[in-house]
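The values are calculated or read from the model by the stated rules, or taken from the named source; none is laboratory data. These numbers were taken from a predicted model, which means no experiment stands behind them. Cβ placement follows ideal geometry from the backbone for every residue including glycine, while neighbour counts extend to all protein chains displayed.
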Amino acid sequence: MPHELDKILIVEGQAGFPYQLGELRGLILNAATFGPDKDEYGQVSNIICDVFQRRDEAVAEYTEKFDSVKLTPAQFRISEKDLEKAHKEIDKNLLKSLRQAIENVKKYQKEIFISSKKHPGIKYKLINPVGICVPGASAPLPSTVIMTAIPALVAGVKEIVVVSPPRYNSSIHPVILGVCYELQNKDEYKDSNIEVYRIGGAQAVAALALGTGTIPKVNKIVGPGNRWVQTAKKQVSGLVGIDSIAGPSEVLIIANEKANPAWVAADMLSQAEHTPGSAVLATDSHTLAEKVLDEIKKQVNHLERVDATIGCLKEYSKIAVFENKDKVVEFANEFASEHLEIQCGDESRQIADRIYNAGAIFIGDYSPVAVGDYWAGPSHTLPTGRTAMFSSALTSNDFVKSISIIEYDKKKLAECAEDIIRLAEAEGLDAHAKSVRIRQEKQN
């Protein structure tokens with residue numbers, strides 16, 4: 001008897017195979033933001049303009065409208081007392097795990113921090129303050145705080161403004177608040193200040209970008225969010241820096257006959273349970289593809305979000321069977337997935353060496369995406385929607401800017417003066433040429 005998920009399995013050579021994969025990439029990309037032709041795009045623009053004009057008053061009105069929570073501007077910020085209270089209520093075992101995750105991320109971010117090294121002709125300066133968006137999902141996302149705030153703190157950012165919608169008893173989930181308190185009170189970050197505000201959506205992005213009187217203006221905004229948040233980030237980009245336009249969470253799994261079908265299915269479901277989320281298996285083994293599909297059908301019924309996960313599998317996921325391994329690799333580089341898992345036995349690392357477009361690569365059977373989401377060290381804030389073709393994971397280096405340093409003395413300028421003058425005149429920029437020539441005339 002046909003199953004509603006049977007259609008996610010497609011085979012190279014069948015009619016419409018390339019079209020279906022191209023359409024899938026388009027659907028994922030379009031799910032990130034509202035296009036300029038959509039009414040919601042204009043609504044986001046109006047929210048930003050309104051916050052610019054009416055500041056705190058507008059933020060309060062939109063918070064009541066969209067989150068059904070009535071707050072005065074004085075109630076936006078979570079007090080230090082409430083942060084401490086939330087921290088004390090965290091389960092002790094969970095707190096232990098959170099602290100180790102923090103240490104793992106901190107260690108990795110310190111090791112890759114470019115500003116700790118000396119480079120001639122360039123200096124690095126902090127981007128400060130910065131804003132962090134934490135989604136108000138049905139479940140708390142403390143990992144988002146860790147994966148965005150720790151890179152900023154390692155870079156030396158002194159002022160961090162966290163915003164999250166009041167979706168938990170008219171406030172923010174205690175675990176998120178507790179993690180903010182934990183970071184704020186670590187000895188090495190005592191000179192940094194983390195402020196937490198219970199606002200979300202496009203109005204929170206606008207508040208961070210513009211400042212409201214109560215909410216400070218920042219110079220860069222990072223962190224995930226829904227289409228309203230990402231569209232707002234896109235519209236304020238240029239006024240402030242942003243990390244990326246984060247679309248649906250996605251995984252592409254390269255696997256062959258050596259892979260465990262149950263594990264592959266579980267990894268696909270771990271992304272498809274996002275709303276929305278995308279999971280793609282690319283393989284040269286038809287047998288594995290069928291086994292994975294069977295496993296998905298079994299496992300999905302044991303998840304809490306069954307209907308939503310099946311919906312994401314049908315709309316944003318595929319099991320694609322290619323003619324050979326080379327075509328699998330070619331597709332992976334073209335698809336440029338946020339997460340790329342490689343489960344090909346002893347060939348896994350060799351295949352990984354051929355991948356040049358991915359947000360993060362997870363090599364081997366024992367490296368599921370969840371390891372990167374919570375534990376390994378690299379930030380889970382990764383490029384989505386094929387932006388891995390030209391962008392990278394969020395790191396401590398994203399919180400510094402570089403300034404070029406140029407210093408010539410009399411002799412060095414004299415050595416190249418004629419060349420500079422010649423180039424300037426070729427471009428018709430007479431004043432540029434004269435700015436060099438006048439220094440040569442004074443020397444004669």
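Could you tell me which of the residues LYS158, LYS217 is at pLDDT 95 or above and in contact with a Ser or Thr (Cβ under 8 Å, 6 or more places away or on another chain)?
One residue alone meets the criteria, LYS158.
Go through region 206-227 and give me each residue that's in contact with a Gly (Cβ under 7 Å, 6 or more places away or on another chain) and surrounded by 21 or more Cβ atoms within 10 Å (Cβ to Cβ). Spell out the reasoning first.
Here is the first cut: in region 206-227, the ones in contact with a Gly (Cβ under 7 Å, 6 or more places away or on another chain) are 208, 217-221.
LEU208, VAL218, LYS220, ILE221 - these are the residues of region 206-227 that are in contact with a Gly (Cβ under 7 Å, 6 or more places away or on another chain) and surrounded by 21 or more Cβ atoms within 10 Å (Cβ to Cβ).
What pairs come up if the first residue lies in region 121-145 and is over 24 Å from ILE215 (Cα atoms), the second is crowded, with 17+ Cβ neighbours inside 10 Å and aromatic (Phe, Trp, Tyr), and their beta carbons are under 7 Å apart, counting only those six or more places apart or on different chains?
none
Being at pLDDT below 95 and closer than 30 Å to ARG349 by Cα: is that true of SER285 here?
no
Given GLU64, GLU80, GLU57, GLU12, which one is closer than 30 Å to PHE322 by Cα and either out of contact with any Leu (no Cβ under 7 Å at 6 or more places or on another chain) or touching a residue at least 12 places away in the same chain (Cβ under 8 Å) (or both)?
GLU12
Evaluate the following for ALA155: is it in the same structural domain as LEU177 (by TED's automatic domain parsing) and buried (at least 24 other Cβ atoms within 10 Å of the Cβ)?
Taking the combined requirement at face value, the residue satisfies it.
Of the residues that make up region 180-194, is at least one closer than 22 Å to ALA58 by Cα and either in contact with a helix residue (DSSP H, G or I) (Cβ under 6 Å, 6 or more places away or on another chain) or hydroxyl-bearing (Ser, Thr, Tyr) (or both)?
Within region 180-194, not a single residue is closer than 22 Å to ALA58 by Cα and either in contact with a helix residue (DSSP H, G or I) (Cβ under 6 Å, 6 or more places away or on another chain) or hydroxyl-bearing (Ser, Thr, Tyr) (or both).
Step by step: first the residues of region 158-188, then only those that are small (Gly, Ala, Ser) and buried (at least 22 other Cβ atoms within 10 Å of the Cβ), then the one that is nearest to VAL205 (Cα to Cα). Which residue is that?
Filtering region 158-188 for residues small (Gly, Ala, Ser) gives 164, 170-171, 178.
From what is left, the residues that are buried (at least 22 other Cβ atoms within 10 Å of the Cβ) are 164, 178.
On the way: SER164: 10, GLY178: 23 Å.
The extreme case among them is SER164.
Enumerate the helices (runs of 4 or more DSSP H) found wholly within region 5-101, keeping only those where 1 or more residues are among the hydrophobic types (A, V, I, L, M, F, W, C), surrounded by 12 or more Cβ atoms within 10 Å (Cβ to Cβ) and modelled with pLDDT of 95 or more.
On the way: elements: 17-30, 39-54, 56-67, 80-88.
Hits in region 5-101: 39-54, 56-67, 80-88.
Results for (1) among the charged types (D, E, K, R); (2) in contact with a Ser or Thr (Cβ under 8 Å, 6 or more places away or on another chain); (3) crowded, with 19+ Cβ neighbours inside 10 Å, shown as yes or no for each residue.
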| site | (1), (2), (3) |
| --- | --- |
| GLU250 | yes, yes, yes |
| LYS258 | yes, no, no |
| VAL264 | no, no, yes |
| HIS286 | no, no, no |
| GLU290 | yes, no, no |
| LYS297 | yes, no, no |
| LEU303 | no, yes, no |
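Within region 360-368, is there a residue that is of a type outside the set (Asp, Glu), in contact (Cβ under 8 Å) with a residue 40 or more places away in the chain, at negative phi and assigned by TED's automatic domain parsing to the domain that holds ARG25?
yes
From the list GLU407, GLU415, exactly one residue is of a type in the set (Asp, Glu), part of a helix (DSSP H, G or I) and surrounded by fewer than 12 Cβ atoms within 10 Å (Cβ to Cβ). Which is it?
GLU415
Give the residue that is farthest from LEU394 (Cα to Cα), with candidates limited to residues of region 224-242 that are modelled with pLDDT of 95 or more and touching an Asp or Glu at 6+ places or on another chain (Cβ under 8 Å).
Among those residues, the one meeting the criterion is TRP228.
Being closer than 21 Å to ALA272 by Cα, buried (at least 17 other Cβ atoms within 10 Å of the Cβ), in contact with a strand residue (DSSP E or B) (Cβ under 6 Å, 6 or more places away or on another chain) and not aromatic (Phe, Trp, Tyr) is the requirement here; does GLY359 meet it? Explain how you work it out, then say what you get.
Values: closer than 21 Å to ALA272 by Cα: yes; buried (at least 17 other Cβ atoms within 10 Å of the Cβ): yes; in contact with a strand residue (DSSP E or B) (Cβ under 6 Å, 6 or more places away or on another chain): no; not aromatic (Phe, Trp, Tyr): yes.
No; evaluated as a whole, the condition is false for this residue.
Out of LEU340, LEU394, report the one residue that is surrounded by 15 or more Cβ atoms within 10 Å (Cβ to Cβ) and closer than 19 Å to ILE253 by Cα.
Matching residue, one of LEU340, LEU394: LEU340.
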